[in-house]
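Worksheet for the structure shown next.
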Amino acid sequence: MNEQAAKLTRWLLAGNGALKNVAQLLTEAFGPVGAIAAAIDASTITAYPVEPGAEPQGQGWTPAAQGWTHPLHSQLLPRSSSAAYHVVAGITSRNEVLVVNLAAADYIGIEGNNPVLLMRSWLMQTLAKTPTASVAVTDSALAVPGAERLIMIDDLATAPAGTSLIFSTRHTSAPVPGQPQPITVSSQAAGAANVVLCNEAVAGIYLTDRYWPIWRRMEVADQQWQHLKTVLALPPADSAAATSQVLDEPQEKHPVVTAAQPDGNGTRVHLLEQRPDPVAAPQQLEHESTPTLPDETALTSTDSASPSPGQTPRPAAEPHHPTAPTSANDTSLGDVPIPADAPAPAPTRLLCAGNQEPPVPSTPPLLTPDIPAPFTTSTDSLGDDSSDNTPLLPGRSAEEPTEPGLYVLGTVYALGLDPDTKDLIKHSAVTRQGVRKPVKALMALATSNGVTPTEWEEKILQVTPQNRRQLRTQIRKMMGGTDPIRNDARGLLVADMFCDWKEFNRLIGHTPETATTEALTAAVQLIRGAPFEDVPDEDYSWRSVQLLKDELIDRCSTAATELAQRQQAAGAHEAAYQTARLGLRVYAQREDLWLVAANSVTDTNRKALIWDLKHAIPVPTHPELRQLLAASRAS
C-alpha cells in the first residue's frame with residue numbers, strides 16, 4: 001500500500017470523513033442497493049453496479065470496464081450524514097480503496113482464519129457511519145455489553161424486529177427469495193454468491209461475479225477492540241471524555257523496521273467519529289510490517305531496506321494543492337484529492353490475515369511481468385576477502401527438476417513420467433491449441449483444499465462425465481501409470497503429488513524474514529518467473545487459483561527481497577543483483593528490489609537496469625531511484 005492509498009483511507013474514515021458523501025453519490029446514481037462496490041483512487045471513483053447493464057443517473061459518469069467512473073472532486077460529491085451501510089473493505093492490488101455496499105451485497109460469506117477481526121471493522125464502521133443501523137451479533141467476540149444499537153442474539157431467528165444487520169459466526173443459509181431479512185455477514189455462510197476469501201497476507205473479494213485482490217484489509221485486533229468496547233459501553237455523558245482519553249493515550253514510538261527485523265507492534269491511533277453518540281466508534285487501519293512515524297512520514301520510508309515502499313500514483317494524479325483534508329475541516333479532496341506533501345491526519349497501521357505479526361507483504365501484485373529475465377553474466381568484483389564475499393546464491397541451478405509434479409512458479413507445466421521408460425516428460429499447461437485439459441484438471445485439484453466431483457467437472461472443467469473419465473485416463477498416462485487423484489475422508493477429490501509452490505511455502509515458513517538463509521536460497525531457486533506466468537487469467541479462473549496467484553506474487557517477491565538484502569549486506573553484490581532481478585520479474589514495481597539492484601549493478605548492466613526501471617516505474621517514490629533516473633536523463 002502506498003502513501004496515497006493510506007491518505008485516501010484516512011480521508012474516508014476520519015470523524016467527518018467522506019465515506020458518507022461517496023455513499024450518497026453512489027445512491028443518487030444507482031439507488032440504495034444498485035451499486036455493490038466502488039474502487040477509489042486519487043482521481044476517480046469507479047462504481048460497480050449489481051446489474052452490469054445498469055446506467056447511472058446524473059452527470060459526470062463515464063463507462064469503464066465492468067463499471068462506471070466518476071471524477072473524485074469535492075464539488076462533485078453530495079453531502080450526507082449517513083454511509084448507508086457502505087464500509088471500507090481494504091486496499092486492492094492496484095492501490096485503490098475498495099468500498100463495499102453491505103446492503104447491496106445482502107448476504108456475504110467470509111472464509112479464512114479469524115474472520116472476527118474483519119467483522120469487527122465492518123461492525124465499527126457501520127455503527128459509526130450509519131446512524132440508522134441496528135446491529136445484532138451471535139458471538140461474544142463481537143458483542144459490546146451496554147452499547148446502543150448493538151445486541152447479542154443466540155440465533156438468527158431470534159433477532160428482534162427492526163434489526164438491519166447481523167454479524168454471525170454460526171452456520172447460516174442463503175436468504176429465501178422474496179422474504180425480507182436483515183443484511184447478513186457470516187463466517188459460515190452456505191450458498192453465498194458474495195464471498196471474502198482470506199489466506200495469510202492477502203484476500204480476494206467476489207461480488208456479483210467480480211473479483212478484487214485485496215492486499216491490505218480492514219481489521220480490528222484484540223487490543224484496539226478493548227478500547228472500542230470501553231467507548232461504546234459508556235453512557236453519553238462520559239463518551240466524549242473516553243474518546244479524548246483514547247486519542248490522547250501516549251503512544252510508543254518505534255524506528256522504521258527493515259525487512260530483516262519484522263515487528264508487529266507499532267503506533268496505533270484511533271480515528272473516532274466526532275459525535276456525542278456513544279456508539280461513535282473508530283475504524284482502525286493497520287499496516288502489519290512498518291510501524292508508523294508522525295505526520296507525513298507515517299506510511300513511507302527512505303530506508304533502502306524497507307519492506308513496503310510506497311508505490312507512485314499515476315502522473316495524472318500528481319498533487320498540486322497545498323492543504324490536506326482533516327477531520328477538523330471540510331474533508332473533501334479539493335482540486336487534487338491527495339496532496340503528497342501534506343501531513344496525514346493520523347498515522348495508521350494495517351493488519352493482515354488476523355495475525356498480530358503476519359508476514360511482511362510486498363506492494364500490490366503485477367500479474368504480468370514487465371521485466372525481462374535476470375542477466376546471467378556479470379563482471380562485478382566481489383572483493384579480495386573471499387570468506388566474506390561468497391555469494392549466497394551463486395547463480396541459478398542448471399539442474400532441471402527431477403520430482404514429478406506440478407510447477408507454477410514461472411511458466412506452468414506438469415512433470416510426468418513415460419509409462420514405459422519412466423523418463424521425465426514435461427507437459428506444458430499452454431500449447432498452441434490452448435490450455436492442456438489434463439494439466440488444468442490436476443491444477444484445479446492441487447490448488448484447492450478438496451472439491452466435489454460436480455464442482456470439478458461442471459464448474460471448473462466444464463466437461464461431461466464421459467470426458468471426465470477420459471481425463472482421468474490421460475492423467476494416469478501422463479504421470480507414468482499412477483493416478484494422483486484420490487478421495488479424501490470428506491469425500492472430496494484431492495491431488496496427492498509434489499507442487500513447487502507447496503515446497504516453496506514449506507521452505508520459507510510463515511514469514512520469509514525469519515527463514516534461514518539456506519532455506520531462503522533453496523526457496524528462491526524454485527522461482528523461475530511470475531507465478532502462472534503464461535496462463536491467461538480467463539483459463540485459470542476458479543477462486544482458489546486466483547487467490548493463490550496473488551499470495552505467491554506477494555511471498556515470492558518478499559522472499560527474493562529478503563535474500564537479496566542479505567546477500568548485499570554480505571558483500572555478494574553479483575548474487576544480490578541476480579536475486580533482485582529475479583524478484584522484479586515476479587513483481588516489477590517493488591522499489592526495495594530496484595534499490596538492491598541499483599546498489600549492486602555493474603557498469604556493464606547499469607544502462608539496461610535504468611531502462612527497465614524507467615519503463616516499470618516512470619516516477620519512483622524513493623529518492624535514490626529518482627536520482628538515478630534524473631542522472632540518466634542528464635547524461
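Do any helices (runs of 4 or more DSSP H) lying entirely in region 493-611 carry at least 3 residues that are aliphatic (A, V, I, L, M), and which ones are they?
On the way: elements: 500-508, 517-524, 543-569, 573-586, 591-600.
Fully inside region 493-611 and qualifying: 517-524, 543-569, 573-586, 591-600.
Every residue, every condition in (1) in a strand (DSSP E or B); (2) modelled with pLDDT under 50, yes or no:
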| site | (1), (2) |
| --- | --- |
| Ile214 | yes, no |
| Gln224 | no, no |
| Ala240 | no, yes |
| Ser244 | no, yes |
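Criterion first (surrounded by fewer than 21 Cβ atoms within 10 Å (Cβ to Cβ) and either farther than 21 Å from Gln224 by Cα or in contact with a Leu (Cβ under 6 Å, 6 or more places away or on another chain) (or both)) does Pro177 satisfy it? For Pro177, the condition - surrounded by fewer than 21 Cβ atoms within 10 Å (Cβ to Cβ) and either farther than 21 Å from Gln224 by Cα or in contact with a Leu (Cβ under 6 Å, 6 or more places away or on another chain) (or both) - is met.
Please list, ordered by residue number, the strands (runs of 3 or more DSSP E) wholly in region 154-203 having 2 or more residues that are more than 30 Å from Arg94 (Cβ to Cβ) and polar (S, T, N, Q).
Working: elements: 165-173, 183-190, 194-199.
Output list reads 165-173.
Being in contact with a Leu (Cβ under 8 Å, 6 or more places away or on another chain), in contact (Cβ under 8 Å) with a residue 60 or more places away in the chain, buried (at least 20 other Cβ atoms within 10 Å of the Cβ) and at positive phi is true for just one of Tyr85, Tyr48. Which residue is that? Spell out the reasoning first.
Working: Tyr48 fails: at positive phi.
Matching residue, one of Tyr85, Tyr48: Tyr85.
Filtering Ala47, Ala83, Ala104, Ala65 for residues that are closer than 15 Å to Tyr211 by Cβ and of a type outside the set (Ser, Thr, Tyr) leaves a single hit, Ala65.
In region 459-479, is there at least one residue being closer than 15 Å to Tyr407 by Cα and crowded, with 20+ Cβ neighbours inside 10 Å? For region 459-479, residues closer than 15 Å to Tyr407 by Cα and crowded, with 20+ Cβ neighbours inside 10 Å: present.
I'm trying to understand the selection: among the residues of region 612-635, which are outside any helix (DSSP H, G or I) and surrounded by 21 or more Cβ atoms within 10 Å (Cβ to Cβ)?
First, pick out the residues of region 612-635 that are outside any helix (DSSP H, G or I): 617-622, 635.
The answer is Ile617, Pro620, His622.
Filtering region 19-45 to residues that are more than 20 Å from Arg94 (Cβ to Cβ) and either in contact (Cβ under 8 Å) with a residue 40 or more places away in the chain or among the small types (Gly, Ala, Ser) (or both) leaves Lys20, Asn21, Ala23, Gln24, Leu25, Thr27, Glu28, Ala29, Gly31, Pro32, Val33, Gly34. Scan region 142-153 residue by residue and report those that are touching a residue at least 24 places away in the same chain (Cβ under 8 Å) and either outside any loop (DSSP other than H, G, I, E, B) or touching a Cys at 6+ places or on another chain (Cβ under 6 Å) (or both). Within region 142-153, just Leu150 meets the criteria. Of the residues making up region 1-57, those that are assigned to a loop (DSSP other than H, G, I, E, B) and over 26 Å from the mean Cα position of the chain (by Cα) number 8.
Just to be sure, is Val619 in contact with a helix residue (DSSP H, G or I) (Cβ under 7 Å, 6 or more places away or on another chain) and assigned by TED's automatic domain parsing to the domain that holds Gln568? No: the conditions fail for Val619.
Is it the case that some residue within region 107-114 is assigned to a strand (DSSP E or B), more than 19 Å from the chain's Cα centre (by Cα) and under 22 Å from Pro182 (Cα atoms)? Yes - at least one qualifying residue is present in region 107-114.
Only residues that are within 27 Å of the chain's Cα centre (by Cα) and either aromatic (Phe, Trp, Tyr) or under 17 Å from Asp483 (Cα atoms) (or both) were counted across region 422-440, and they come to 1. Taking the criterion of being under 28 Å from Gly450 (Cα atoms), crowded, with 24+ Cβ neighbours inside 10 Å and in contact with a Pro (Cβ under 7 Å, 6 or more places away or on another chain), the residues of region 518-549 that qualify are Ala530, Lys549. As a summary of the residue check, Leu165 satisfies the conditions (1) buried (at least 17 other Cβ atoms within 10 Å of the Cβ); (2) modelled with pLDDT of 90 or more; (3) farther than 27 Å from Ala38 by Cα except for the one numbered (3).
The values are calculated or read from the model by the stated rules, or taken from the named source; none is laboratory data. What you are looking at is a predicted structure, and each value in this text was computed from that prediction instead of being measured. Note that each Cβ is placed from the backbone with ideal geometry, even for glycine, and that neighbours are counted across all protein chains shown.
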